[in-house]
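Below is one structure, written out as structure tokens, with a few remarks after it.
The values are calculated or read from the model by the stated rules, or taken from the named source; none is laboratory data. Because the structure is predicted, anything quoted here is derived from the model rather than measured. Here the Cβ positions follow ideal geometry from the backbone for every residue, glycine too, while neighbour counts run over all protein chains shown. In case anyone asks, the SASA skips ligands and DNA or RNA and just uses the protein heavy atoms, side chains included. Shrake-Rupley method; radii C 1.70, N 1.55, O 1.52, S 1.80 Å.
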Amino acid sequence: LLILINIGIFKFLLNLNSNYIKKNILILFLLAIVTFTGCGKKNKVSLSVPYETYKLSNGLTVVLNQDKSDPITSFVILYHVGSNREVPGKTGFAHLFEHMMFQRSENVGEDQFFKIIDGAGGDFNGGTSSDMTMYYEVVPKNALETCMWLESDRLGYLLNTITPVSFANQQNVVQNEKRQGVDNMPYGYTSYVIAKNLYPAGHPYSWQVIGDMQDLKNATIQDVKDFHNKFYVPNNATIVVSGDFVSDSVKKMIEKYFGEIPSGNKVTDLKPSPVTLKETKKIYHEDIFAKAPQFTMVFPTPQQYTKDAHALDVLAQLLGTGKKSPMYKVLVKDKKLTSNVSVYNMTRELAGEFRINVTANPSTSLKDVEKAIFEAFNKFETEGFTEKDLERTKAKLETQFYQMMS
């Protein structure tokens with residue numbers, strides 16, 4: 001168990017949305033046939049995601065998912081590299097490289113990527129997490145080949161275009177992003193403090209995706225090129241095409257634009273490395289940008305897709321979601337220590353974290369918050385939950401899944 005206390009002096013409303021979940025969940029579900037069955041005894045609903053998958057000779061994995069409901073197509077390329085592939089002293093490279101990928105490549109001029117996709121009436125973005133980096137375009141179906149040309153050019157023909165000027169520019173952009181999103185953001189260092197104390201030194205999750213400011217400053221062009229050569233290779237990437245397309249035509253285009261790019265050295269998957277704590281740690285962090293005190297309780301948990309991970313997803317809902325939950329009853333309704341309690345299970349490729357987060361009312365003692373959380377635990381253990389509560393929780397998780405897919 002790890003407990004983090006934030007105390008500050010300026011007003012802030014906490015945003016608990018997980019970028020990791022947003023960036024990962026869609027692709028992960030597209031990579032498998034998933035069937036969900038409704039919890040009601042009478043009404044059973046199933047969802048099937050039809051797809052076809054194969055590999056090119058260079059090791060590139062391709063996933064095709066036809067959906068002709070609208071004349072649009074999404075093109076996603078996912079690289080199995082995130083901040084977990086970095087090493088101490090050279091953090092933030094995966095995210096920095098994501099920025100470099102949007103600048104130019106050998107056959108696409110400076111900032112032309114943006115103009116071409118915008119001109120086609122499309123939408124695009126990219127993102128880096130601890131486990132992966134992804135880029136996507138959603139375009140009218142007649143612009144799909146353009147997306148393939150752009151993505152293949154920056155996969156196979158990018159490095160020669162990296163100049164000291166463009167590199168320095170993106171270094172500054174990422175450093176400024178860190179200043180805005182971490183250094184000068186209320187509760188911006190919460191995840192940083194947790195990572196440093198929950199994971200042992202050198203663990204792939206013991207640093208943040210954004211990286212260390214000094215590491216970003218010290219990065220060199222050669223560092224970035226080495227990173228690209230090692231991880232941005234076809235045999236470490238997956239393409240997902242979803243939408244309105246003709247399968248045979250798409251396969252020919254994928255072979256045309258990506259088949260000639262040579263594979264790189266084999267990239268070995270990292271092994272799951274969940275952690276344990278020998279004793280409870282309590283950490284105090286003073287946050288000068290926050291007005292309300294914040295209490296975070298973290299339990300180290302298993303990695304994603306394990307049986308326990310799914311059980312913890314349900315447990316988080318039962319403990320902290322809705323006015324019937326013990327956390328709400330004790331902390332919000334009875335003791336009026338806060339207006340909201342957030343309980344969630346955050347699983348990743350190598351390890352997981354079960355978090356309870358409370359932004360307390362101003363002038364509230366965080367000792368009272370901690371005590372109330374354990375009272376809620378006791379309430380849950382003594383009163384339990386009904387089969388109806390479990391069905392409701394499963395139905396909510398299922399509904400969230402449907403909404404995500406749509």
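Would you mind calculating the relative contact order of region 48-167 from Cα pairs under 8 angstrom and at least 6 residues apart, reporting the percent as a whole number?
Working: 168 pairs, mean separation 35.2, N = 120.
Relative contact order, region 48-167: 29 percent.
When a/c reaches 1.5 or more, the comparison of a/b and b/c decides; with that in mind, is the chain rounded, prolate or oblate per its Cα gyration tensor? Oblate is the answer for the chain, as a/c is 1.5 or above yet b/c matches or exceeds a/b. For Trp207, the solvent-accessible surface with a 1.4 Å probe is about 30 Å², rounded to the nearest 10.
The distance separating the Cα centre of region 165-181 from that of region 349-373 comes to 33 Å.
With the full set of protein chains in place, find how many percent of the accessible area of region 117-258 is carbon and sulfur; take the probe as 1.4 Å.
Numbers: 2860 of 5720 Å².
Carbon and sulfur atoms account for 50 percent of the accessible area of region 117-258.
For Arg392, the shell of other residues with beta-carbons less than 12 Å away shows a net charge of 0, using +1 for Lys and Arg and -1 for Asp and Glu.
The largest accessible area among Glu177, Glu370, Glu137 belongs to the first residue in Glu177, Glu370, Glu137, and the rest follow in falling order (1.4 Å probe, all chains).
State which entries of Lys271/Lys388; Lys68/Lys230; Lys55/Lys90; Lys333/Lys394 exceed 27 angstrom in Cα-Cα distance in the structure shown.
Working: Lys271/Lys388 38 Å; Lys68/Lys230 37 Å; Lys55/Lys90 32 Å; Lys333/Lys394 25 Å.
Checking Cα-Cα distances, Lys271/Lys388; Lys68/Lys230; Lys55/Lys90 exceed 27 Å.
Solvent exposure of the chain amounts to 50 Å² per residue of accessible area, where only protein heavy atoms count and the probe is 1.4 Å. Among the DSSP beta bridges whose two residues both lie in the chain, what percent are antiparallel, rounded to the nearest 5? Rounded to the nearest five, the antiparallel share is 80 percent.
Each Lys or Arg adds one and each Asp or Glu subtracts one; over the other residues with Cβ under 9 Å from the Cβ of Phe124, this totals -3.
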